[in-house]
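Asks: There's a structure below that I have some questions on.
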Amino acid sequence: GLKVDPTATSLEWDLLVYSDSDWAGDKDDRKSVSGYMIFLNGVLICWRSKSQQSVSLSSSEAELYACSEASREIPFIVQILIFLGIPVRLPVQVKVDNIGAIFMTENNTSSSRTRHIDTRYFFVKDMQNDGLCKVDFVRSSDNVSDIATKNVTGEVHDSHLESYSGMAERD
């Protein structure tokens, strides 16, 4: 569980976000599924798995969509914690397993293939520029939000469960 006692420590609390997508995973309409999981001091506090509203033309685009959906939760959670008097370590780490999506969040490039996702790109880029979040790479095998986007084997599911308990025990 998560015991909220802001007077117990003066240390900053850690918010950690994992996002993932399955590119064109729905066989009927080829829409991707976005998923994210948000941990506060190693405890899962927020998660979501939802079909994207439009068809993504690349895996990087689908991952950027998922990253922006996850990043939208960060200001809300940070403001609640600050209101409660809980210091939060910034920037919040957002873990993504697609190098192309990370590149799009950091670079000011636009092409005919990515122009239609500029809004999501600028949203995440602005959050990074403001020091609110930092998008970092995580290997797919270590991305715990993987189970929110696709069918996984029992072995993969169990390894992610071990990761959850490992996060909570560290803190």
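Since every read-out is calculated from the coordinates, none of them should be taken as a lab result. Remember, predicted model here, so these are calculated numbers, not experimental data. Neighbour counts are summed over all protein chains in view; Cβ atoms, including those assigned to glycine, are modelled from backbone coordinates with ideal geometry.
Asks: Amide H neighbours of Val138 under 5 Å, at least 5 residues apart or on other chains, H built in the peptide plane: list them.
Replies: Val96, Asp97, Asn98
Asks: Kindly rank 60-71, 45-56 from highest to lowest mean number of other beta carbons found within 10 Å of each residue.
Replies: Packing order, densest peptide first, comes out as 60-71, 45-56.
Asks: Here's a follow-up. For region 11-23, just list the computed ³J(HN,Hα) in residue order, Karplus coefficients 6.51, -1.76 and 1.60, θ = phi - 60°, integers in Hz, with x standing in for Gly and Pro.
Replies: Here the 3J(HN,Hα) series is 6, 6, 8, 9, 10, 10, 10, 10, 10, 7, 8, 10, 6 Hz.
Asks: Next question, about the same structure. Want the number for Arg72 to Cys46: 0.36 nm per residue separation, take away the alpha-carbon distance, what's left?
Replies: Working: separation 26, 0.36 × 26 = 9.36 nm, distance 1.21 nm.
Extra length available between Arg72 and Cys46 comes to 8.2 nm.
Asks: What are the residues whose amide H is under 5 Å from the amide H of Lys31, where those residues sit 5 or more places off or on another chain and H is modelled from the backbone?
Replies: Distant-sequence amide H within range of Lys31: Asp26.
Asks: Can you list residues whose amide H is under 5 Å from Val92's amide H, if they're 5+ apart or on another chain and H is modeled 1.01 Å from N?
Replies: Cys133, Lys134
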